[in-house]
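The values are calculated or read from the model by the stated rules, or taken from the named source; none is laboratory data. Keep in mind that this is a model prediction, so the values were computed, not measured. A quick note on method: Cβ atoms are made from the backbone with ideal geometry, for glycine too, and the neighbour counts reach across all protein chains shown.
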Ligand code: C5P
């Protein structure tokens, strides 16, 4: 859920009024768990001091080729190799021009030319400079070469004129960076369907049969898969929580039948599906169209019919190259039950949690799971937060997806 955690970022700051926002952007990056090296152009230092930036990043700012005090050479090549991404915000017309044409007369542009990883830039300048063909063509050139441009927005500018040229807000720049890291993960380009939450089987307009599932485990899986770059479709029963990753597509459903129909419609296009929902096994045969009244002497009987087994239905549909994972929540004979379900539903892996383990199962923030694989291998994990359990499960799933698509 923290795509910037542990990432190395070079933050390039150039000489524009918007440089004051770079301090806030830097703060957001640090808060998100990134390690940031700030590189400033000489002009940037007229707008914001290196002291502010080094205090926030915890590292001396790099600006000159040589340190004035020690004569030590700052290696732009090393910085370029160290970085997982380079963000230039604000990027002025001058720096954009130098980047487009390889004019390496300062530390920032030399670092850019040595950068091996993705570069993102947030242009900021006055509206006439932004509209000049020289700028628009340079930006297009940089975009074509694979740089990510975080477009400037319309609004009031430092010149008091109003128009396009305001640097994107730090939050938008962060979102672009997080999106980039999410999409570059080990599941980039893969599609994963996940079911989560309980189902509700209607009895009458005001009553239903339900269960205690809160959807936490499945939502954690959806967020984790999205963080690793997958395109996630989450078929979600009625719960109070939502995924936090912006890319997760949620299909809200209520009953097992609705969940089944959504999954059957989606599964064909997926690389994998994880069946995490607590699906009701039975539903009332008929739904009363009016609230069932309390009768004096008569106790109503609700006749139940079987719900479709969604995991088993997808198991039947499964093609070569698709991976199907399920859950088994057990109270006894855990291993035998889990292995039986893997077989019957044609799953490739099954995640077993036992209600005999304290802290595992419904509603808790923790879980303790054992993962069984079709090839006979078994991974037993300790009690952990559901977010960490999600990353163990997604790691196993990633391995299966990669070997299935080979
Ligand atoms: O057989 P059991 O309900 O214990 O199997 C659990 C697994 O099957 C879980 O992965 C659950 O999401 C899935 N399941 C399903 N449709 C049902 C019942 C269970 O997808 N009707």
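Annotation: of all residues in segment 343-371 being closer than 11 Å to residue 331 by Cα and within 14 Å of the ligand (Cβ to nearest atom), the one that is modelled with the highest pLDDT is 352.
Could you grab me the full set of residues in segment 292-312 that are near the ligand (Cβ under 8 Å from one of its atoms) and not in a loop (DSSP other than H, G, I, E, B)? Matches in segment 292-312: 310, 311, 312. Residue 376 falls short of the stated requirement of being under 26 Å from residue 2 (Cβ atoms) and assigned to a loop (DSSP other than H, G, I, E, B).
Taking segment 318-329 as the range and being within 11 Å of the ligand (Cβ to nearest atom) and farther than 12 Å from residue 352 by Cβ as the test, only 324 passes.
Listed by position, the helices (runs of 4 or more DSSP H) enclosed by segment 162-275 that each have at least 2 residues that are under 12 Å from the mean Cα position of the chain (by Cα) are 170-183, 216-227.
Before we move on, is residue 248 surrounded by 15 or more Cβ atoms within 10 Å (Cβ to Cβ), more than 12 Å from the ligand (Cβ to nearest atom) and under 20 Å from residue 195 (Cα atoms)?
Numbers: surrounded by 15 or more Cβ atoms within 10 Å (Cβ to Cβ): yes; more than 12 Å from the ligand (Cβ to nearest atom): yes; under 20 Å from residue 195 (Cα atoms): yes.
Against the criterion (surrounded by 15 or more Cβ atoms within 10 Å (Cβ to Cβ), more than 12 Å from the ligand (Cβ to nearest atom) and under 20 Å from residue 195 (Cα atoms)), residue 248 qualifies.
Within segment 379-390, track down each residue that is surrounded by fewer than 18 Cβ atoms within 10 Å (Cβ to Cβ) and assigned to a helix (DSSP H, G or I).
Quick first cut of segment 379-390, residues surrounded by fewer than 18 Cβ atoms within 10 Å (Cβ to Cβ) only: 379-385, 388.
Residue satisfying the conditions is 388 alone.
Within segment 43-50, one or more residues are within 30 Å of residue 162 (Cα to Cα), free of Cβ contacts under 8 Å to residues at least 24 places away in the same chain and part of a loop (DSSP other than H, G, I, E, B).
Within segment 253-264, residues that are under 14 Å from residue 306 (Cα atoms) sit with their Cβ atoms under 7 Å from residues that are in a helix (DSSP H, G or I) and modelled with pLDDT of 95 or more, at 6+ positions apart or across chains, in these pairs: 260/310; 260/313.
Number of residues in segment 258-285 that are over 22 Å from residue 395 (Cα atoms), within 11 Å of the ligand (Cβ to nearest atom) and buried (at least 17 other Cβ atoms within 10 Å of the Cβ) equals 7. Take residue 315 and decide whether it is in a helix (DSSP H, G or I) and either surrounded by 11 or more Cβ atoms within 10 Å (Cβ to Cβ) or within 13 Å of the ligand (Cβ to nearest atom) (or both). Answer is yes for this residue. Test residue 220 against the stated conditions and say whether it is buried (at least 24 other Cβ atoms within 10 Å of the Cβ), under 24 Å from residue 350 (Cα atoms) and away from the ligand (no atom under 12 Å from the Cβ). So residue 220 fits the description; yes.
Count of segment 49-64 residues, restricted to those that are over 31 Å from the mean Cα position of the chain (by Cα) and crowded, with 20+ Cβ neighbours inside 10 Å, is 2.
Against the conditions (1) over 27 Å from the mean Cα position of the chain (by Cα); (2) within 27 Å of residue 225 (Cα to Cα); (3) in contact (Cβ under 8 Å) with a residue 24 or more places away in the chain; (4) more than 16 Å from the ligand (Cβ to nearest atom), residue 289 satisfies every one except (2). Applying the set (1) touching a helix residue (DSSP H, G or I) at 6+ places or on another chain (Cβ under 7 Å); (2) free of Cβ contacts under 8 Å to residues at least 60 places away in the same chain; (3) farther than 21 Å from residue 167 by Cα to residue 53 leaves exactly one unmet item: (3). Checked against (1) more than 20 Å from residue 219 (Cβ to Cβ); (2) away from the ligand (no atom under 13 Å from the Cβ); (3) assigned to a loop (DSSP other than H, G, I, E, B), residue 332 passes all but a single condition, namely (2). As an exercise: evaluate residue 243 against (1) within 17 Å of residue 196 (Cα to Cα); (2) away from the ligand (no atom under 16 Å from the Cβ); (3) at pLDDT 95 or above and give the number of the one condition it does not meet. So the condition that residue 243 fails would be (3).
May I ask you to list the residues in segment 291-309 that are within 23 Å of residue 218 (Cα to Cα) and in contact with a strand residue (DSSP E or B) (Cβ under 6 Å, 6 or more places away or on another chain)?
In the first step, residues of segment 291-309 are kept if they are within 23 Å of residue 218 (Cα to Cα); the result is 307-309.
Across segment 291-309, the qualifying residue is only 307.
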